[in-house]
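Let me begin by presenting the structure, written as structure tokens, before commenting on it.
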Amino acid sequence: MVDKETHFRKLAADHITAIEGLYKVKKWIEDHGLKRAAVTNAPKHNADLMISKLGLTDFFQAVILGDDCEHAKPHPEPYQKALEVLQVSKEHTFVFEDSVSGIKAGVAAGMPVIGITTRNPEDLLMQAKPTFLIKNYADPKLWAALEEVDKAMGAGNGASA
């Protein structure tokens, strides 16, 4: 298993690319002063590699690993731990997820989940009951929802994600 993960990191290091619109949504989140955590079932070295290669090391205030929890996703515990670490309530959060287990975990933790269809078919992700699906972070559906958040927040008075 260790050899497999080491091999994965060697291959992935040169092939990790940002999902379209990632840096635009990153800026929106930063501009709104939202707290943020990466919640992943990936092993620590893989998570660190992906976050670093995407230039997100300083973006996340916490990284919650499934291995650090008694129960990994699809259990809600990793998201519950993120809420605790960030000191935010589920009522003031939202989640981006690209896997069925991740969507199930966020939904079970009581948070709205935006499913991203970059790795899995829409019909499979919809079975996990996300709030809605987007193709990538540039999807007009996402930006329409973020406009509604802006209106509800009074155009950027701060919340948590």
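The values are calculated or read from the model by the stated rules, or taken from the named source; none is laboratory data. Everything quoted here is computed from the prediction, not taken from an experiment. We place every Cβ from the backbone using ideal geometry, glycine too, and count neighbours over all the protein chains shown. Remember, those area values only see protein heavy atoms, side chains included, never the ligands or the DNA or RNA. Shrake-Rupley method; radii C 1.70, N 1.55, O 1.52, S 1.80 Å.
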- Packing-based order for 138-151, 99-112, 27-40, using average beta carbon neighbours within 10 Å, highest first: 99-112, 27-40, 138-151
- Message: Rounding to the nearest 10 and keeping the result within 0 to 90°, find how far the Cα-based axis of helix 77-86 lies from the longest principal axis of the chain.
- Response: 60
- Roughly how compact is the chain, stated as its Cα Rg over 2.2 N^0.38 Å to two decimals? 1.02
- Folded to 0 to 90 degrees: helix 2-12 orientation relative to the chain principal axis, Cα: 60
- Item | Förster-model FRET efficiency, 22 Å R0, residue 23 and residue 71, C-beta, rounded to 0.05 | 0.10
- Task: Pull up all non-local amide H partners of residue 69: gap of 5 or more, or a different chain, and H-to-H distance under 5 Å with H placed in the peptide plane.
- Result: none
- Which whole-number percent is the relative contact order of the chain (Cα, under 8 Å, 6+ apart)? 24
- Message: Computing the accessible area with a 1.4 Å probe over protein heavy atoms, can you report the carbon and sulfur percentage for the chain?
- Response: 54
- Heavy-atom accessible area per residue - the chain, 1.4 Å, Å²: 56
- Give me the accessible area of residue 58, 1.4 Å probe, in Å² rounded to the nearest 10. 150
- Enumerate the whole-percent occupancy of each 5 Å bin, from 0 to the last occupied one, for all C-alpha pair distances of the range 61-135. 3, 19, 28, 24, 17, 8, 1
- Item | Label-point separation, residue 126 to residue 14 (7 Å along Cα→Cβ), nm | 4.0
- Note on the structure: Of the convex hull enclosing the alpha-carbon atoms of the range 98-152, the direction-averaged projected area in nm² is 3.7
- Note on the structure: Nearest 10, in degrees from 0 to 90: the angle of helix 22-31 to the longest Cα principal axis of the chain is 50
- Item | Of 90/141; 73/129; 104/129; 26/53; 24/135; 44/81, those spanning more than 18 Å from alpha-carbon to alpha-carbon | 90/141
